[in-house]
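Trainee: One structure coming up, written as structure tokens, with questions to follow.
The values are calculated or read from the model by the stated rules, or taken from the named source; none is laboratory data. Just so it is clear, the structure is predicted and the values come from calculations on it, not from any experiment. Note: ideal-geometry Cβ built from the backbone for every residue, glycine included; neighbour counts use all protein chains shown.
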Amino acid sequence: MATHRPQSPNRGLNCLFTISKLADQRQVSLTTLLERTAAELPKALRFPESACAAIRLDTIQCTSEQFRPPPWMISEAITVGQNQIGVVEIGYLENHCPSEESLFLDEEHQLLVLVAGIVGRVATRRRTETAFRESEDRFRSLVEGSQTGISIVQDDQVVYQNPEQERLLGPLPRANKLLDRDSIHPEDADKVEAYYRRLVSGSQLPCDIDFRFYLPGENPSGSGVKWVHCRAVTTRYRGRQALLVNMMDITPAKEMEHLLRIRDKMASLGRVATGIAHEIRNPLSGINIYLDTLEKLHHRHEPDEKVVAILDRLRSASQKIESVIKRVMDFSKPGAPRLIACDPNRPVREAIDLSRVALRKSGVRLEIETAENLPQCLLDPTLIEEVVLNLITNAAEALKNTETDKTIRIATLRGPDSVEIVVSDSGPGFPQALQSAIFDPFYTTKNGSTGIGLSLSQRIVADHGGRLTADPAGKNGGAQFTIDLPLPGEPISK
């Protein structure tokens, strides 16, 4: 039997110090900690030469060098809360003590309890960290893959945003978009500012709002404006007060709603227009019959030149009314334009001739720059003349309150894949924020206007395969409208 040797207290303390130091190192894996602990425990016992240790934790099992099940062993459970998740065992392969003396000292029992406690705490912490990481990963996957823009605002700065929010508002770093009036549509700026004040005061949470803003780097035109539904709630981020902002792109829904509204308006207008046209056409038919009868009676005698001129004017006026009725009927039930190969300058000149006298009386100066030798386009001259005349009339209206330099410039030129007809004026123009709204049916900034002229003009040009666009500030300082008519066989690029 081996000679009895008392345990050195330093060995137990050194073992606890080594294990505690390893436990504090978060980069050390749990398996490594158990392996090192199993290796250190035998060194702390009275008889290290024949001592061995084993640790079982869940599916992990670690043993000391040359371990085999010892005949003499004590153990301590590793627990998390009230649940046992493992065990720490120490033992001897030989009995070094007389039968009347205990083989394991109280200090070794206490060491075993302390080590089991350390392992249990580390296991609890690692489980908590793993669960937190998994929960964080799940949350991040949900947030990062969400089609709703999510951001956290703290001290009026965006400190976090998911990819969808970055797509909507631009990359970080950046200021809080809700505070940037330059990026908010002018019609919504006051509403958004009041909304943000409610958020900051915390008086109404959660708060919801729909508003428009300009995309990063885009001009405030129809294509550069987005509609979003925004909801914000207070939260805490890194121990401090913050706002959790959710934004959903509702532009397609708003555009569909807008189109449905236009469709309903157009359908209503079509019904009204048809009724009016029928009401006018009946008495007009009677007028034409009386004109024919009057003309026959007049020609039985020597015709008077003045009477002939008056009859011609009456006939011309009657034909114009008939033409207007036809156009109203065409509007209520649209038909395809009658396309012929035509010089684009022709309807432009005819529109200028019709409006020249009225413009002169209003003190408006005309600047005409029509390009020569333009290629012929397939168009309905009467309809294009109507569009140009409508643009000239709108330009003259815009110049009514202008005291000096009343100028309307009309130009035609060859574009890369089209012929361009440009009508611009020296008036005040229109706000850029309204660039996408001025072609809407019934939208008008003029008193007494129906607001359908530009909408009809845009549809006529579109029926020709062309495009009618507006610029709030053209070369002459006022509004500029451009008609692009495609060349035969060359569709206009978008």
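Trainee: Within the set of pairs 6 or more residues apart or between chains, which connect a residue that is in the same structural domain as residue 461 (by TED's automatic domain parsing) inside the stretch 342-358 to a residue that is among the acidic types (Asp, Glu) and surrounded by 18 or more Cβ atoms within 10 Å (Cβ to Cβ) with Cβ atoms less than 7 Å apart?
Mentor: 347/385; 350/385; 351/385
Trainee: Which condition does residue 400 not pass, out of (1) in contact with a helix residue (DSSP H, G or I) (Cβ under 7 Å, 6 or more places away or on another chain); (2) farther than 20 Å from residue 489 by Cβ, if it passes all the others?
Mentor: Checking residue 400 against (1) in contact with a helix residue (DSSP H, G or I) (Cβ under 7 Å, 6 or more places away or on another chain); (2) farther than 20 Å from residue 489 by Cβ, the one that fails is (1).
Trainee: Among the candidates 323, 223, 268, single out the residue that is within 28 Å of residue 162 (Cβ to Cβ) and modelled with pLDDT under 70.
Mentor: 223
Trainee: Among the numbered criteria (1) modelled with pLDDT of 80 or more; (2) more than 25 Å from residue 346 (Cβ to Cβ), which single criterion is violated by residue 416?
Mentor: (2) is the only condition that residue 416 fails.
Trainee: If you don't mind, there's one more thing I want to ask. For residue 253, are the conditions met, namely being under 26 Å from residue 147 (Cβ atoms), among the small types (Gly, Ala, Ser), surrounded by fewer than 16 Cβ atoms within 10 Å (Cβ to Cβ) and modelled with pLDDT of 80 or more?
Mentor: Taking the combined requirement at face value, the residue satisfies it.
Every residue, every condition in (1) modelled with pLDDT under 85; (2) surrounded by fewer than 18 Cβ atoms within 10 Å (Cβ to Cβ); (3) assigned to a helix (DSSP H, G or I); (4) in contact with a helix residue (DSSP H, G or I) (Cβ under 6 Å, 6 or more places away or on another chain), yes or no:
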{"site": "98", "(1), (2), (3), (4)": "yes, yes, no, no"}
{"site": "109", "(1), (2), (3), (4)": "no, yes, yes, no"}
{"site": "116", "(1), (2), (3), (4)": "no, no, yes, no"}
{"site": "136", "(1), (2), (3), (4)": "yes, yes, yes, no"}
{"site": "142", "(1), (2), (3), (4)": "yes, yes, yes, no"}
{"site": "167", "(1), (2), (3), (4)": "yes, yes, yes, no"}
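Trainee: Let me ask something additional. Residue 453 - would you say it is closer than 28 Å to residue 404 by Cα and at pLDDT below 80?
Mentor: For residue 453, the condition - closer than 28 Å to residue 404 by Cα and at pLDDT below 80 - is met.
Trainee: Inside the stretch 223-262, can you point out the residues that are farther than 18 Å from residue 159 by Cβ, part of a strand (DSSP E or B) and without any contact (Cβ under 8 Å) to a residue 60 or more places away in the chain?
Mentor: Once the filter is applied, which keeps residues that are farther than 18 Å from residue 159 by Cβ, part of a strand (DSSP E or B) and without any contact (Cβ under 8 Å) to a residue 60 or more places away in the chain, the stretch 223-262 yields 226, 227, 229, 231.
Trainee: Picking from 161, 154, which residue would you name as being surrounded by 13 or more Cβ atoms within 10 Å (Cβ to Cβ) and free of Cβ contacts under 8 Å to residues at least 60 places away in the same chain?
Mentor: The conditions single out 161.
Trainee: In the stretch 41-78, how many residues are crowded, with 17+ Cβ neighbours inside 10 Å and part of a strand (DSSP E or B)?
Mentor: 11
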